[in-house]
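The values are calculated or read from the model by the stated rules, or taken from the named source; none is laboratory data. Being a predicted model, the structure only gives us computed values, none of them experimental. FYI the Cβ positions are ideal-geometry reconstructions off the backbone, even for glycines, and counts take in every protein chain you see.
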Amino acid sequence: MDEYDDNDWFSFFNGSNDAGNEDTVVSEEVHLCKKSDVIQFGAAFLPAFYYTNFLLSLVGNGLVLCIIYKYEKLSTVTNIFLLNLVISDLIFASSLPFWAVYHKSEWIFGRGLCKLVGSCYSIGFNSSILFLTLMTFDRYLAVVHAITAAQSRRMAYAFVSSATIWVLSILASIKDIVFHDVMNDGDRLLCEMTGYHQSFLTKWELIGYYQQFFLFFLVPLVIVLYCYIRITIRIMSTRMMEKCRAVKLIFVIVFTFFICWTPYNVVILLKAIKTSFGDQNDCSNALDYALYITRNFAYLYCCISPVFYTFLGKKFQNHFLKLLSKHIPCLKINAAFLSTTSKTTSIRNFYK
């Protein structure tokens, strides 16, 4: 299997991943592209980035989790959605140290973790975008349909909505759980989609590309844009100035999310088009480099989102300051003042 030494880890299809299975042997010549430059690029830059992103995500999301536990509790729809969003980010970030080691050397964690880690990225991302979309839709209900939504926005609605998103995210990630496995290319152990005929894996790869772009990017984008257009119209028509800060905050979070993820999804779409209609013998590295860069740029959102909650949400700032005051004496006066001014503030206005 030395012929695969220079093959791209993330494009590893040899036409017969199970050499002992007669049904999977192909008679036609399989064209392999050498991707050694792409692999070296990934090995040089990705591990440090993954470790840094993991630590920042752990600290940022851990801080949000700590404040929810100490000051907010799960007594509102907003906090339930926020907690699930934090869990999504942590699930996603938990896979990064494994990928860091993998890019640096090889897969050393075994078959079980290969399947588990391979699905964590998909589950974490899918649930994250869906919870973000759900939070935006929930703000739309609270602002545009405040009276009618007051009856429906109850705890049962929050739990059922959250459970539905987790089920959808896991279902969308089944292919990663089933197809990811450990393979030996003769020089190192790889954790890739394997075990089936090349054409079969390519079809599922295409399904994943289109699912990613349309179901977990384009549809949420349309929903978010619609919700914010209606929210903006409502605010302008009723002069609900007290809602402006909440709308601005969530808008910044959503806008940043799509700024981070749009380049990656555009590359995903281009790879799908190339796989479907392009020249299969084209060994250009342009999309491979673009995928590395845009995907890692998208990973940063797991670090960015908690920062918004901490520094843009006024009530969250108060909680953060009170948390710091327990360890920094000079902040105790400010914390005491904030406590008296915000004691009667409803948790429903968490983003104000």
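Data overview
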| quantity | calculated |
| --- | --- |
| Count - residues of the stretch 112-168 that are among the basic types (Lys, Arg) and at pLDDT 90 or above | 1 |
| Extreme residue, modelled with the lowest pLDDT, among residues of the stretch 66-79 that are surrounded by fewer than 17 Cβ atoms within 10 Å (Cβ to Cβ) and hydrophobic (A, V, I, L, M, F, W, C) | Leu74 |
| Hits in the stretch 169-198 (condition: of a type in the set (A, V, I, L, M), touching a residue at least 40 places away in the same chain (Cβ under 8 Å) and more than 22 Å from Gly110 (Cα to Cα)) | Ala172 |
| Criterion (surrounded by fewer than 17 Cβ atoms within 10 Å (Cβ to Cβ) and not in a loop (DSSP other than H, G, I, E, B)) met by exactly one of Ala142, Ala156, Ala100 | Ala156 |
| Any hit, the stretch 80-90, residues being buried (at least 16 other Cβ atoms within 10 Å of the Cβ), within 30 Å of Ala286 (Cα to Cα) and assigned by TED's automatic domain parsing to the domain that holds Arg234 | yes |
| Residue within the stretch 57-75 that is farther than 26 Å from Ser325 by Cβ, of a type in the set (Phe, Trp, Tyr) and in contact (Cβ under 8 Å) with a residue 60 or more places away in the chain present | no |
| Single residue of the stretch 199-209 satisfying the filter (surrounded by fewer than 17 Cβ atoms within 10 Å (Cβ to Cβ) and touching a residue at least 60 places away in the same chain (Cβ under 8 Å)) that is farthest from Val266 (Cα to Cα) | Thr202 |
